[in-house]
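Report on the structure given below.
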Amino acid sequence: MTVRNFSTTKGIIRFEGSDRLIYWRRFAMLLGLAVVIATMGLIRDSGAVIIAAMLVAPLMTPILGTAAAIVTGDISRAVALLVIVWIAALASIGVAWLIVFMTDFPRGVLLPDEVLSRTDPGAEDLVIALAAGLAGAYVQVQKSELSLLPGAAIGVALVPPLATVGILLYFEEFDGAYEAMLLFATNFGAIILSACAVYIATGAGRLLLRSEKRRMRFSMGLAVAVLFLVAIFAQLSTTTYYRYAETRAESALANRIREWAEDVPVEIVRIDVRARERTAEVWAIVDLPVDAALRVASVAEQLPAKLTVTPFRVVARDILGQDYKVTVRYQPRYAWQVDLATDNVAPAPYVDSDHLN
């Protein structure tokens, strides 16, 4: 993009000019369609449908326009575009909430994985957003590379987090809605910063050198963008730390349970550690001894004797510490192995959940 193109902001920011009403109508229509597609894709837990919403969403244009306005030192225009982006974001959240409300989606069911996957942003999401922003800005500058635009749109993923916020607000999952909004804010700030870098590298730097006033405005705008991203990164770093701490604890606890059970068949279904709340859940299936079905006793008395030698709370305390509260959900299962040649009945072998898939 040449210096002349950077000075002609009408060509960069399409919300102005004689055809602005046409663009506004098209922008609103495409954004509405993208929110509808993303919301239905999230509810149906369909990744392909969500990708379609990413391709339709037009939010990338005003965000790149904000970066272009910052680079050209036009702070008032940058602020106007920021207002447009966040009004569009709030409207998208409202539309998503309304869609879920109108479909009367049942509240008592588990949330789809596609929704939950957008409620746990981390530092790696910032890296993805920076790379996607670079790609989007590069495609805008290099018109010959327009074939890359769909990939950049998918990498940015602006509308799905907003639709997730609307869905979670409907379910009154406010913590998850905040995390999804944090993901959108991460993408938003990273796109602006990386786009500024692309624009400067492709010619805007010479335009900034022409005016001291323009350089000061650019410095102010860039400083605000950097501070915004630093604040986002601080929250993402905390989230990332807890996520890795939880993953390590879950893996360690699973291994310790296998050591504790020794040759007793115990199938670990799920382990959930929540480091912030200092809570954990263990879901497991325990095979009862062959003669357990003949006993008249409580389930606890039917369990293999080896599991009662060392209490489970000692096992969990070794890994998690004393300040955790652990919920154990186990299901007993009658299991045995029959030798078809001799009809001998023996305990069932150990179940390795890794081989079940």
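The values are calculated or read from the model by the stated rules, or taken from the named source; none is laboratory data. Being a predicted model, the structure only gives us computed values, none of them experimental. Positions of Cβ are backbone-derived with ideal geometry, glycine not excepted, and every protein chain shown enters the neighbour counts. All accessible areas refer to the heavy atoms of the entire protein, side chains included, with ligands and DNA or RNA removed. Shrake-Rupley method; radii C 1.70, N 1.55, O 1.52, S 1.80 Å.
Quick notes on this structure:
- Ranking of D339, D175, D318 by solvent-accessible surface, largest first: D175, D318, D339 (1.4 Å probe, protein heavy atoms only, all chains present).
- Here the spin labels are modelled as points 7 Å beyond Cα on the Cα-Cβ line, and at R313 and A48 they lie 5.1 nm apart.
- Taking θ as phi - 60° and the Karplus parameters 6.51, -1.76 and 1.60, the scalar couplings of segment 326-338 work out to 10, 9, 10, 10, 10, 10, x, 9, 6, 8, 8, 10, 10 Hz in sequence order, x denoting glycine and proline.
- If R0 is taken as 41 Å, the Cβ-Cβ distance between A131 and K306 corresponds to a FRET efficiency of 0.20.
- Protein-only accessible surface order, largest first, of F184, F312 at 1.4 Å: F312, F184
- Surface accessible to a 1.4 Å probe, Y334 within the full protein complex, Å²: 120
- If R0 is taken as 25 Å, the Cβ-Cβ distance between V79 and T238 corresponds to a FRET efficiency of 0.25.
- Sequence of M220, M40 from largest to smallest accessible area, 1.4 Å probe: M220, M40
- Under-5 Å amide H pairs with Y330, H placed in peptide plane, nonlocal only: A284
- Under the Karplus curve 6.51 cos²θ - 1.76 cosθ + 1.60, θ = phi - 60°, whole-Hz ³J(HN,Hα) for segment 119-129, x wherever Gly or Pro sits: 10, 9, x, x, 4, 5, 5, 5, 4, 4, 5
- Under 5 Å, built H, 5+ apart or other chain: amide partners of L59: none
- Förster radius 22 Å - calculated FRET efficiency between N255 and D120 (Cβ-Cβ, nearest 0.05): 0.40
- Annotation: amide H-H contacts under 5 Å for L288 (H modelled 1.01 Å from N, sequence separation of 5 or more, or interchain): R333, Y334, A335.
- Residue-by-residue Karplus 3J(HN,Hα) for segment 183-189, coefficients 6.51, -1.76, 1.60, Hz, glycine and proline x: 5, 4, 4, 4, 4, 4, x
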